[in-house]
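Reading through the structure tokens given below for one structure.
The values are calculated or read from the model by the stated rules, or taken from the named source; none is laboratory data. These numbers were taken from a predicted model, which means no experiment stands behind them. Cβ coordinates were reconstructed from backbone atoms using ideal geometry, including for glycine residues, and neighbour counts include every protein chain displayed. Please note that ligands, DNA and RNA were not included when accessible areas were found on the heavy atoms of the full protein model with its side chains. Shrake-Rupley method; radii C 1.70, N 1.55, O 1.52, S 1.80 Å.
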Amino acid sequence: MVRVSVVCCLKLLLLLALGGVTMHVPDAGVLAPLGPLRLDGHLSFHDVAAAARDFGNRCSLMPAAVLHPGSVADVAAAVRRVFQLGERSPLTVAARGHGHSLLGQSQTAGGIVVRMESLGSGAMMRVHAGADAPAYVDAPGGALWINVLHETLKHGLAPKSWTDYLHLTVGGTLSNAGVSGQAFRQGPQVSNVNQLEIVTGRGDVVTCSPDENSDLFYGALGGLGQFGIITRARIALQPAPKMVRWIRVLYSDFASFTEDQEALISADETFDYIEGFVIINRTGILNNWRTSFKPQDPVQASHFQSDGKVLYCLEMTKNFDPEEADIMEQEVGVLLSRLRYIQSTLFHTHVTYLEFLDRVHSSELKLRAQGLWEVPHPWLNLLIPRSTIHRFATEVFGNILKDSNNGPILLYPVNRSKWDNRTSVVIPEEEIFYLVGFLSSAPSASGHGSVDHAVSLNDKILDFCDKAGVGMKQYLAPYTTQQQWKAHFGARWETFERRKHMYDPLAILAPGQRIFAKASLPMSS
């Protein structure tokens, strides 16, 4: 077991700097108190610039150092030492998963970024598939969901709930909610966790569950990293199907589109995944699908004209094993017969379960090849009550968004009863509410494809929601003042604040969320 002290690291960096090697030299006065800290992993200073970037690509907060933990004990030791330094120390700690935050939430200015993927090795995963108890996997907080899937599939099992993109860390999504097209049936990922291991803001390692340290357990789920760093999670599993029937259809009428979605998510016998997309002024949409989907009726599909219309795509899947393909086809036929989509727009394909769940990664590889992945992503994610979704759609898709968006627009309903209301996640009060995601990219410095243009549209949407009393809540909210966060949490703010004072009293953790500030640091209010 290799142990490297901070003092040794600082001496090495000084020698390199004197030798003419260019690299970031941290503020020795800030990090010197960490000198006695001994680690199984190491602190680094050459990669601080990378830790100051994220998927949003709109915010850059330079840390003093990056911790590559070799063990959970390293995470605890670093946080405990910062806690012991007290209020006068400017050091804070941010856990960084795969860096998919949108506005610096996984960053810390002048603090320590913990690279959680250092704790994400597959060897640290343990799948329990015993016949006498529900199956689960113990996964490191820094493990990518795609690697969790690979490991559990070896046992014919898989987690119940997903995000659309699997190259995110377990701790990262559980700190938010983790939502995809299975959430209407299985709930978000935070509703499918049996146990957590957490390093609190005091540096304590705490195991918690619904029956043990339950206040911390529910607080950390969706808690935006405010109460502790999730270092391990016990995730519920179910038998994994081998294949997926993947279907897309189009609507031109918003009322039919939403009513069909709501009927599907409320039915006992239904699809396994249901999501919706809004398509504004997109030409040749069916031609784009033909590379991977087959039309049910090629002749009818060839005559479909989409130009100039706002269309709504309903995307559904049915899981099956090859020996049950005939039964699956019958079930799908019955379900489709109840829907009011445009008949000529029925497209479908068969893929493996793994291929479907990892579908966004295929798009990522194409965008990376075109240099369009590492661009700013001014995303806006909203949760809209069912009672106001039509008013919202009329204004947003009829007036505010006049042209095609630089990225997908998601719109699909979920059932509130599938969300555990004891977690920190804030959602609308109605039983059915819609996730609406404007997943914009901004590849241009000016014009239609710029950050300014996307942010302007986002602001117009938010302004309308506020003035029209839509009753929305933001998901992955980019608030920058505590007053905004108080409004976001509403009546739940008191509980959230109490948990912060209990588990992270010095406000050391997750400063990039801009909810609480360390006593020695200024903060907007």
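Data table
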read-out	value
Cα convex hull volume per residue for region 242-353 (Å³)	97
Under the Karplus curve 6.51 cos²θ - 1.76 cosθ + 1.60, θ = phi - 60°, whole-Hz ³J(HN,Hα) for region 344-349, x wherever Gly or Pro sits	6, 10, 7, 10, 8, 7
For region 243-474, alpha-carbon Rg and Dmax in angstrom	18.3, 54
Sorted largest first, extent of region 120-240 alpha carbons per principal axis (Å)	39, 28, 26
Charge context of residue 487, other residues only, Cβ under 13 angstrom, K/R +1, D/E -1	+2
Charge dipole of the chain about the Cα centre (unit charges at C-beta), most positive-ward option of 173, 442, 396	442
Cut-off 11 Å between beta-carbons: net charge of the residues surrounding residue 137, Lys and Arg +1, Asp and Glu -1	+2
Cα-derived Rg over Rh, computed across the chain with Rh taken as Kirkwood radius	0.98
List 460, 154, 518, ordered by accessible area with a 1.4 Å probe, largest first	154, 460, 518
Neighbour cut-off at most 15 other Cβ (10 Å), DSSP loop, chymotrypsin sites (Phe, Trp or Tyr not before Pro), region 433-510	none
Radius of gyration and maximum dimension Dmax of region 231-294, Cα, Å	16.3, 46
Calculated [θ] (222 nm, deg cm²/dmol) that DSSP helices of n ≥ 4 give over the chain, each run adding -39,500 (n - 2.57)	-8500 deg cm²/dmol
Charge sum, other residues only, whose C-beta stays under 13 Å from residue 125's C-beta, Lys/Arg counted +1 and Asp/Glu -1	+2
Region 201-228-region 363-383 distance, computed between alpha-carbon centres (Å)	32
Global geometry of region 369-452, whether rounded, prolate or oblate, following the gyration tensor of its Cα atoms and the 1.5 cut on a/c	oblate
With DNA, RNA and ligands ignored, accessible area of residue 124 (1.4 Å probe; Å², nearest 10)	60
Relative contact order of the chain, defined on C-alpha pairs under 8 angstrom at six or more residues apart (%)	16
Volume in Å³ per residue [convex hull over Cα atoms, computed for region 308-366]	117
Solvent-accessible area per residue for region 243-474 (1.4 angstrom probe, square angstrom)	45
Residue 114 long-range amide H proximity, modeled H, under 5 Å	67, 94, 95, 96
Accessible area of residue 155 in the full protein assembly, 1.4 Å probe (Å², nearest 10)	90
Computed accessible area, residue 389, all protein chains, 1.4 angstrom probe, square angstrom	0
Accessible surface of the chain, 1.4 Å probe, proportion on carbon and sulfur as whole %	51
For region 181-189, Karplus couplings with θ = phi - 60° (6.51, -1.76, 1.60), whole Hz, Gly/Pro x	x, 8, 5, 5, 9, 9, x, x, 4
